[in-house]
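Quick note: the coordinates plus some simple rules give every number you see, no bench work behind them. Bear in mind that the values here come from a model prediction, so they are computed numbers and not experimental data. Don't worry about glycine lacking a Cβ; one is built from the backbone with ideal geometry, like all the others, and counts go over all protein chains shown.
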Amino acid sequence: MRVLCVICGLCYHPVKAEPASDVIDSNPPLAEQNVDTSRVVLDAMLIEESNNDSMSYTVFDAKSATKTDTPIMEIPQSIQVIPGSVLKDQDQQTLSGAIENVSSVVAPKTTELLTSEFLVRGFKSQFYTDSLPTYGSANAADPLSLVNVERIEVVKGPTSTLFGGGLGAPVGGLVNVVSKQPMPEAQYVFSFRGGSFTTLNPSFDLNQPLTDDDTVLFRLTGEYEYSESYIDALENQNYAFFPTIAFNFSPDTHLIVRGQYSHVEFLEYSGLRAEGTIADAPYTIPPYRFSGATDTPKSTVDNFMLTAEFVHRFSRYLEGSIQARYYENNFAEYSSFTHQLIIDGVGDFGKPGPSYLPFYSGVLPASVNEFVINPNLIIDFETEFLTDMTHKILFGLEYDTTLAKAQLGVYYDELDDIWLDVADRYDDITYLEIEGGNISQSQNDHYETLGVYLQDQMDITQRLHFLTSLRWTSVTVDEIGAKTTNSSVTPRVGAVFDITDKLSFFAGYGEGFRAVTALFGETPEPEESSQIEGGFKFDFYEMGLSGSVAGYQLIRKNVAVPDPNGAFSSIQAGEQTSYGAELDFLWEPFDSLSILGNYAYTNAKLTQHSSPELLIGDFLPRVPEHSGRIAVHYRFMGGVLEGLGVGMGLTGMSKRYISLPNEYAVDGFYRIDAQASYPLTEYLDLTVNIQNLTNSQYYEPFLFLQDAVVAPGPPISAYATLTAYF
């Protein structure tokens, strides 16, 4: 269970045009305009030859920061891309695992699907799929599957000049999931993964052209997974299907339609008390104990999504596109947990001993229905003011309408029977369900967002690149008994100077704006953010070394935080500030070796507030001051071991506070993972993955209500995957 608030997200997908033969069009194709069509990128929906077969991790271009295909070296903002080759070599299975390859990002655990979200540079970020928002509760839009993911892009800092929907625009960062596209060549891939905790995980990826001239292409991916857990009683079952069809009407005109249906079913985990785990207490709680009633009904999450995008290039200078999406999310969340802040006036009345806490059950059914439409126009031209300059102008509109409903019920027993001994076994406790609930709250909201934005990417010279953008956003929130409309203009400016063709300096400033919804008891103010950052980007291609170094300061105002005096309400605690430095790099000195690494220093604190329960200078929960990862992968290119790939990754971070105020913190930890893959035949591969190779034992902050709880890190586990290609 968690505060009744909902978060929106967004992402964008870059692809290259695949010319279709024998198609007549009234507009001259780009090939007849002396344009190299092999290098032209039209828009997210166009068909691109997948780079999954490439061993290199190098990515040159990205769209998530600008909505246009732009060289990463020329983007005045920090952006990192995780390509499909990294996901494959590391045998990544979840978005949370893959995102560890990016600095300054804290990912939610799979057991926090309905309670937590990604943190970028210390603050909440938004989750996007293919350029459009998937508004929902916390991380509920994540299907817990990478079977349909081509690559992942992370933009750090406000992105509100270009993206919005739901309650408005991202103010902390953007996690952008890019979907796989249909390809011109038929291929059928089947995999089966099994291993620790009774994991059973079949999946498939079927790609089939529907016409001989490749004008209609189809792709279907999907998977099923069942697994138990290292935590007692927990088990998870999920499946997902992703059909995609693409129409290439001409080399310059394309339509792609994507679908998604996913279902997740799990027993919700509420974490362990800090006392008795990471903090001294007269009792000890076993680390892998399930903290609730094992007969609690399974929580379920269902996502349905239908997305269409049409792109037409009118000429080499003008391109138009329009995207639209319908998204539906339904979940039923059931929990059983201990908590001592819910019942006013109970205190320690009748408490049998120090290890006893009040025990509760809760239910939260919720639904989201969202429609969003986003037309864009891109214009390329040159001017001769003072010097020859090239411009890429982006003009766009965005309209989003979202309905969100929820009904919260919390149940507890008579006061003399409410106490539960957290140090004892929980076998005899039972999920409580009383019609109507002892505590009941509801949500029936309508959010309407309208945004207009304009962006200009200017090349002043071959070495000097400017970016300016401006967005006007209006957000109307119609909640029970209250309707408010807020609007704001948010700017972004930045510049990149190419010191050499291998090294560039960048600097940028951006602002964010987002409406807030939660149980405040009064109408909240919109949340605002501003960021200034600068650094260097490098690509020493003769050495195979590329990456970026950045420093930043990010400020958020009117931030919603849990009310220390109310389990189901929030307060706007003034201001939070994050500043830090980060390094992301890739070194591929030769084809057989890839070394991917990152380091982040993050100082994220509460700097202003109006609550006497909170202290200025407190560190924000879950955010480590120091964190990093290095992953090495080696491929045998010849000899008797030809085809064998071996890899190892080291992930670590410093201590993290688990709540506000800063009463408890988990210790720092490190974890080593290892992978190996080998082609058994021309059509059959074997992959072995060992996680937490040294069986490090550690705790992590766990977000459940605003309570001081933790969760154990996973112990050593091993998995094997057989993949067949046809």
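Arrange Ile571, Ile322 by Cβ neighbour counts within 10 Å, fewest through most, would you?
With the sparsest Cβ surroundings first, the list reads Ile322, Ile571.
Hey, fewest Cβ within 10 Å first, where do Thr307, Thr215 land in order?
In order of increasing Cβ crowding within 10 Å: Thr215, Thr307.
Sort 183-190, 461-468 by the packing proxy (mean of other Cβ within 10 Å over each peptide's residues), most packed first.
461-468, 183-190
Express in nm, to one decimal, how much length is gained between Phe505 and Glu479 on full extension, taking 0.36 nm for each residue of separation and deducting their alpha carbon distance.
Once the chain is fully extended between Phe505 and Glu479, it gains 4.8 nm.
Only counting other Cβ atoms within 10 Å, I'd like Asp214, Asp417 sorted with the fewest neighbours first.
Ranking Asp214, Asp417 by Cβ neighbours within 10 Å, fewest first, gives Asp417, Asp214.
Return an integer: the convex hull volume of the alpha-carbon atoms of the range 30-725, in Å³ per residue.
Hull volume over Cα atoms, normalised by residue count, gives 151 Å³.
Once the other residues with Cβ under 11 Å from the Cβ of Asn236 are scored (Lys, Arg +1; Asp, Glu -1), what is the net sum?
Around Asn236, the surrounding residues sum to -4.
Is the shape of the range 174-224 rounded, prolate or oblate, going by the alpha carbon gyration tensor and its root eigenvalues a ≥ b ≥ c, with a/c under 1.5 for rounded and a/b larger than b/c for prolate?
oblate
Among all the lysines, which ones have a C-alpha under 18 Å from Lys392's C-alpha, if same-chain residues fewer than 8 places away are not counted?
Lys16, Lys63, Lys67
Order of 575-581, 640-646 by packing, highest average Cβ count within 10 Å first?
So the peptides 575-581, 640-646, ranked by packing, come out 575-581, 640-646.
Please state the relative contact order of the range 30-725 as a whole percent: Cα pairs under 8 Å, 6+ residues apart?
So the answer I get is 12 percent.
Counting only other residues whose beta carbon sits under 11 Å from that of Ile72, what net charge do I get with K and R as +1, D and E as -1?
-4
If you take every residue apart from Thr221 with its C-beta less than 9 Å away from the C-beta of Thr221, what net charge results, scoring Lys and Arg +1 and Asp and Glu -1?
0
Using packing as a proxy for protection, rank 95-105, 325-335, 286-296 so that the peptide with the highest average count of other Cβ atoms within 10 Å comes first.
Listed from highest to lowest mean packing, they are 95-105, 325-335, 286-296.
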